[in-house]
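The values are calculated or read from the model by the stated rules, or taken from the named source; none is laboratory data. Predicted, not measured: the structure shown is a model, and the values here were computed from it. FYI the Cβ positions are ideal-geometry reconstructions off the backbone, even for glycines, and counts take in every protein chain you see. For the accessible areas, the whole protein counts, side chains as well, though only heavy atoms, and no ligand, DNA or RNA atoms are used. Shrake-Rupley method; radii C 1.70, N 1.55, O 1.52, S 1.80 Å.
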Number of protein chains: 2
Amino acid sequence: MSFSDQELKNYAAFAERLADAARAQTLPRFRNGIDVANKAGASFDPVTEADRESERVQRELITKTYPEHGVIGEEFGASGADRPWRWVLDPIDGTRAYVCGIATWTTLIGLEHEQKPVLSVIDQPFTDERWIAFNGATLFRRSGETIACKTSGVTDIKKSRISTTDPRPTAYFTEREAAAYARIAELSRIERFSLDAYGYGHVALGELDLIIESGLQHHDYAALVPVIEGAGGVITNWQGERVGSDDRNEVLAAATPKLHAAAMEVLRG
Amino acid sequence: MSFSDQELKNYAAFAERLADAARAQTLPRFRNGIDVANKAGASFDPVTEADRESERVQRELITKTYPEHGVIGEEFGASGADRPWRWVLDPIDGTRAYVCGIATWTTLIGLEHEQKPVLSVIDQPFTDERWIAFNGATLFRRSGETIACKTSGVTDIKKSRISTTDPRPTAYFTEREAAAYARIAELSRIERFSLDAYGYGHVALGELDLIIESGLQHHDYAALVPVIEGAGGVITNWQGERVGSDDRNEVLAAATPKLHAAAMEVLRG
């Protein structure tokens, strides 16, 4: 790698500034749907505005602070995506949770060096939860307290707490994928749905053990890889390759290498 | 009714004392699975302990303060259930969320007078969210700020944000119920899962519009009725009757009477 630990540390502090700037746009608009709609008419969409304003202020900060870096964002696309350093932004991951007033949406900030994810932040403003991952560690910060994340030691699917955003073949999964997920679900201890990226934070905390998804976009998964790996977990596609290297953008995140291998085996059928 | 508004107001203050006492048991054990397990061995189960200790301290408070009242609790069963006033307790609704470190579990406290729900509290300690319903109103309190809840004005299924804990026929729903739910889901705007009682609080806040469930227990639904009705919503079984009056304990909660009627129509098929 052609950068120092200190350089990454500086970028981590900057990524937290981005998360703070995003919070100032997303949090005041959260659970304000009715009031805002009443004030401004039915054409007003607080989610869309929060999404766009959040990305806009983050892009401004990046351009001002690191004009030589590229940016890829969910809302405004790519600029300088071929540069050595690039930021990957999803201002509101889990917009459906946001629209329903449920605080499982997050702001995702990823930093890639030569296409490889090296740093990320997952931020939930309403609950004041923030994951910061770089230099092979994942920190979790809430109400001024910071802890180092460690995935659970679970190695057996039968003991695993698993999650996927929607288990049905009608949403993210194809029929084949839904059937593969169902095979694991049947063996597992507990299932939870509708968590989007927030669930990966729970794997890092040791509270969930396995996440099985598909159809994620670059801005969805860029921030997930450092958070899972920094906490001692494994995150790949369903074939054990780098996330984003297959057509479906399948994701398999596990607390331990053994659980990951066991899950791959069952997914293969 | 043979009681005054003031009497109910006193019970509301007491119900909040119960919720506070429950918090002191549930919150310190939340997300402590790994540490606690490492300290005390694999046989130690923090959820079970939180559940039982929470109900134990609440029952103690009730017996001490209102010895003439009955109590029905999820953990320790019924005592004096035939008395005019009885408390219905679910110390941790959503234990699976609790076990996965996800703050969508709640403490449910219901007060019934001659078998009718007249007051309730839904409490989420980690996010510091509390719903308090009595005298035809539902209050929402967070970080010392209190607002009056009002359901959304949504009347059309196509515009509705709907929720159920698990949409599949393998969990709560029978095949017939899952098919009926799926008919509504197909028409709806957004679906969210895995919320348990917490979702009903979001209907009261105007953030969700429709919840369709089945197989709820008395300790699950007792606290839901005042919260939904106090915010202007409608909550019945799938036939429009009192919740708990059919064998399946089906629940249909809606933001508006019109949406409720439309959902009943589709559920009937």
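Quick notes
- For region A:119-131, Karplus couplings with θ = phi - 60° (6.51, -1.76, 1.60), whole Hz, Gly/Pro x: 7, 7, 10, 10, 10, 10, x, 5, 8, 6, 10, 9, 9
- Of the peptides B:138-148, B:178-188, B:6-16, the order by per-residue mean of other Cβ atoms within 10 Å, starting with the highest, comes out as B:178-188, B:6-16, B:138-148.
- Across all C-alpha atoms in region B:67-207, the radius of gyration and Dmax reach 16.8, 50 Å.
- From the largest down, the protein assembly as shown spans 77, 58, 44 angstrom on the principal axes of its Cα atoms.
- Taken over chain A, lysine pairs spaced eight or more positions apart, or on distinct chains, with alpha carbons under 30 Å apart number 11.
- Calculated FRET value between A:PHE76 and B:ARG183, using beta carbons and R₀ = 45 Å, to 0.05: 0.70
- Available extension along the chain between A:ASN32 and A:THR170 is 46.7 nm, counting 0.36 nm per residue and deducting the alpha carbon span.
- Computed E for A:ASP247/B:ASP156 - FRET, C-beta separation, R0 25 angstrom, nearest 0.05: 0.10
- In this structure, A:THR127 and B:GLU114 have a Cβ-Cβ separation that, at R0 = 51 Å, corresponds to a calculated FRET efficiency of about 0.80.
- Per residue, the accessible area of chain B comes to 39 Å² when a 1.4 Å probe rolls over the protein heavy atoms.
- A/B buried area, accessible surface, summed, 1.4 Å probe, Å²: 3000
- Working note: Karplus 6.51/-1.76/1.60 with θ = phi - 60° gives region B:193-199 the couplings 10, 6, 9, 6, 5, 3, x Hz, where Gly and Pro are set to x.
- Separation of the B:GLU265 and A:SER2 label points, Cα + 7 Å toward Cβ, nm: 6.6
- The charge dipole of the protein assembly as shown, taken about the Cα centre with unit charges on the Cβ atoms of Lys, Arg (+1) and Asp, Glu (-1), comes to about 280 debye, rounded to the nearest 20.
- Region A:157-267 shape via C-alpha gyration tensor axes, a/c threshold 1.5: rounded
- Region B:68-130: C-alpha gyration tensor shape, a/c 1.5 cut-off, then a/b vs b/c: prolate
- Region A:228-269-region B:42-84 distance, computed between alpha-carbon centres (Å): 43
- Region B:157-267: relative contact order in percent, alpha carbon pairs under 8 Å with at least 6 residues between: 28
- Residue of chain A nearest the A-to-B rotation axis [by Cβ], rounded angstrom distance: A:PHE193, 2
- Shape class of region B:5-148 from the alpha-carbon gyration tensor: oblate, with a/c at 1.5 or above and b/c at least as large as a/b.
- The H on the amide N of B:LEU119, modeled in the peptide plane, is under 5 Å from the matching H of B:LEU111, each at least 5 residues off or on a different chain.
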